[in-house]
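Encoded as structure tokens, the structure appears first; notes follow it.
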Amino acid sequence: MFSTMRNAWKIRDLRKKMIFTLLMLIVSRAGSFIPVPYINVEAMSRMTEGGSLFGFFDLLSGGAFKNFTIFALGVVPYINSSIIVNLLTIAIPKLEQLSKEGEEGRKKIASYTRYGTIILGTIQSYGIALLLKREGALLKDSPFHIFIIILTLMVGTAFLMWLGEQITEKGVGNGISMLIFTNIVSRYPVMGVQIAGLIKVQTANWIELILFIIITILTVMAVVTMEMGERRIPVQYAKKVVGRKTYGGQNTHIPINVNSSSVIAIIFAMSIMQFPATLAVFFPDKGWTAAFKQGGLFYTDSYLYWLVYFLLVIFFTWFYTEITFNTKDMADNLKKNGGFVPGIRPGKPTEDYVQTILNRITLIGGTFAGIIALMPYALDKFTGLKGLQFGGTSVLIVVGVALETAKQIEAQMTMRHYQGFLR
């Protein structure tokens, strides 16, 4: 791998892309230290504790949310907008047709995603500003000062979105993914300091630390295996004789990734689970809010919460896979092009066969994602390593982005006849 990086560095255009990506990532991290005005940071820090949704936002923003800097929202509004647009593309025929119109269609969909980012970011900024006002975290809470806070957060998100697009166009890897990757990795030294502090005050012990390291290594290995694992359905194409030429007759396969939904299902499930708790903050005097407080039936350390969260991850894994992998269209396209799965009749039997395999793969991937999602809660409940915003979800993101970036560099190295990452 290191020899490949050295070879890549020797190529002028690839070296420029790598340097450009590095500079853009440095800019994104520099903005994570510029504070938003009129904010009580100490009150803001308390909102990110206990494995909450805000804690996950803080992880994706690389600590910017906890310190409430200009990049506090990170790329979360862009992620949400992308997910919504993708879902609408499948649900709305006009958008689906637009996605099939090539480069121009993709540009229009990208524009819709940007508009959605601005709208969602504004709404999210306004909601957070009201929540901070209620919690007494605003040093000045006049309408003008709240407007300045909202504007600052929105401009920060728009700038990050622009940075990500520049990296995708002129750098290496997917820009938004690289920004998230950098933010998560930047938190690891801070976590190391937190762990050292917990051991120093004897909240945690060395045995727990060793077990934590072993589990982390095993988690990375499992994530790599699941990210690269796929079920290949063999496909054959019938031979066609046109004049003196023979067409078709080749063998290929349909790849189905084991963990096709990746972290999206976890984000969906986490949003659903945290929504009632977020509402409870706005209605502190109501009796039903006790269920979402420490010791409550639906607090993050309760087994009921874990069970519902786990089942939601499996459900959203199945849901996302179903809307992104259309077995009917796949079976119809195979039939039109003379392709068939050996031993399975074309048409409806092929559709049912692929759907059965897809359901089994989805169950495996959803179960794995559910276990990954519960790791930070189990870590906080059963060990002394409390307050760490670390879990399988961050590992899932980091490993996924690293593998995808490595594949892109590998492809460029292959075009230049260099030996790459894969052997």
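Using a Gaussian network model of the chain in which every pair of alpha carbons under 10 angstrom is joined by a spring, one finds that among Trp288, Trp162, Trp306 the greatest mean-square fluctuation is at Trp288.
Comparing Gly156, Gly370, Gly338 in a Gaussian network model of the chain (Cα springs below 10 Å), the most mobile by mean-square fluctuation is Gly338.
Distances between placed amide hydrogens fall under 5 Å for His253 paired with Val235, all partners being 5 or more residues away or on another chain. Rounded to the nearest Hz, the phi-derived 3J(HN,Hα) couplings of region 161-167 under the Karplus curve 6.51 cos²θ - 1.76 cosθ + 1.60 (θ = phi - 60°) are 4, 5, 4, x, 5, 5, 5, where x marks glycine and proline.
Which shape class applies to region 145-219: rounded if a/c is under 1.5, otherwise prolate when a/b exceeds b/c and oblate if not, where a ≥ b ≥ c are the square roots of the Cα gyration tensor eigenvalues?
Oblate is the answer for region 145-219, as a/c is 1.5 or above yet b/c matches or exceeds a/b.
In order along region 303-317, the Karplus-derived 3J(HN,Hα) couplings, from 6.51 cos²θ - 1.76 cosθ + 1.60 at θ = phi - 60°, round to 5, 5, 4, 4, 5, 5, 4, 4, 5, 5, 4, 4, 4, 6, 5 Hz, and Gly and Pro are given as x. Averaging the Cα positions of each part gives two centres, and for region 190-206 and region 300-342 these lie 41 Å apart. The chymotrypsin sites (Phe, Trp or Tyr not before Pro) of region 334-397 include none that DSSP puts in a loop with a beta carbon having at most 13 other beta carbons within 10 Å. Placing +1 on the Cβ of every Lys and Arg and -1 on the Cβ of every Asp and Glu, with no other charges, gives the chain a dipole of roughly 1480 debye about its Cα centre. Each of Thr414, Thr89, Asn40 was placed along the dipole of the chain (beta-carbon charges, centred on the mean Cα), and the one lying farthest toward the positive end is Thr414. Separation of the alpha carbons by more than 31 angstrom is noted, of Lys140/Lys381; Lys17/Lys328; Lys100/Lys407; Lys17/Lys94, for Lys140/Lys381; Lys17/Lys328; Lys17/Lys94. Which entry in (1) 151; (2) 141; (3) 191 is this structure's computed volume of the Cα convex hull per residue in Å³? It is the value labelled (3). In a simple Cβ point-charge model (Lys, Arg +1; Asp, Glu -1; nothing else charged), region 323-367 has a dipole of about 100 debye relative to its Cα centre. Of the residues Thr321, Thr89, Thr157, the one that moves most in a GNM of the chain with alpha-carbon contacts below 10 Å is Thr89.
Placing +1 on the Cβ of every Lys and Arg and -1 on the Cβ of every Asp and Glu, with no other charges, gives region 252-375 a dipole of roughly 240 debye about its Cα centre.
Since every read-out is calculated from the coordinates, none of them should be taken as a lab result. Since the structure is predicted, the reported quantities are computational estimates derived from the model, not experimental observations. All Cβ positions, even for glycine, are placed from backbone atoms using ideal geometry, and neighbour counts span all protein chains on display.
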